[in-house]
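Below is one structure, written out as structure tokens; comments come after it.
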Amino acid sequence: MAQETVILKVYELVKYSIPILEKLPKSQKYLLGDRIETMLLTIQENLIEAYYSKKNRAELIAKSNIHLEQLRYLIRLLFDMRYINSERYGVISEKINEVGKMCGGWLKTVQ
């Protein structure tokens, strides 16, 4: 199912991102790094809950979409401040966009 696939894509995004966040300078590791990690895990939790829940599914997916947009800006900030290189920025951005498209499709089917 597409819903299971989007959850796996978020899992892969988390798995790819955490080692990168751990290498941030100490000054940003506990500020931007923690915020990004928390947001990634919140997206994953919301989508898992949406998969198993029926009554507030659309709300959870919509919240995940908002978090994805916030995440895009935080990742862009890491890139602009030169904490990640263009290759990592490209990979993370691509993964975020893919998850966003899948969430959008899922949201359309539940509305």
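Derivation of every value follows stated rules applied to the coordinates shown; laboratory data play no part. These numbers come from a predicted model, not from an experiment. No Cβ is skipped: glycine too gets one built from the backbone with ideal geometry, and neighbour counts run over all protein chains shown.
May I ask you to give the average projected area over all directions of the convex hull of the Cα atoms of the chain, in nm² rounded to one decimal? Before the final figure, lay out the partial values.
Values: hull surface 25.2 nm².
Over all viewing directions, the chain projects a mean Cα-hull area of 6.3 nm².
Could you pull out every one of the aspartates and glutamates with an alpha carbon less than 12 Å from that of Lys26, ignoring same-chain neighbours closer than 8 positions?
Asp34
Between Val14 and Lys55, how many nm apart are label points set 7 Å from Cα along the C-beta direction?
In this crude label model, Val14 to Lys55 measures out at 2.5 nm.
Quick one: what are the phi-derived ³J(HN,Hα) couplings along region 91-102, Karplus 6.51/-1.76/1.60 with θ = phi - 60°, whole Hz, x for glycine and proline?
5, 5, 4, 4, 5, 5, 4, 5, 5, x, 4, 5
Compute and list, largest first, the equivalent-ellipsoid semi-axes of region 24-66 from the alpha carbon gyration tensor, each √(5λ) rounded to a whole angstrom. Could the numbers behind the result be given before it?
Details: eigenvalues 159, 14, 5 Å².
Computed over region 24-66, the values are 28, 8, 5 Å.
Give me a comma-separated list of calculated 3J(HN,Hα) values for region 78-87, in order, Karplus coefficients 6.51, -1.76, 1.60 applied at θ = phi - 60°, integers in Hz, x for any Gly or Pro.
Those phi angles translate into 4, 5, 4, 8, 6, 8, 10, 7, 5, 5 Hz.
On C-alpha positions alone, give me the angle between the axis of helix 34-52 and the longest principal axis of the chain, in degrees, nearest 10.
10
Can you run phi through the Karplus equation (6.51, -1.76, 1.60; θ = phi - 60°) for region 20-28 and list ³J(HN,Hα) in whole Hz, with x for Gly and Pro?
These are the phi-based 3J(HN,Hα) values: 5, 5, 5, 8, 5, x, 3, 5, 10 Hz.
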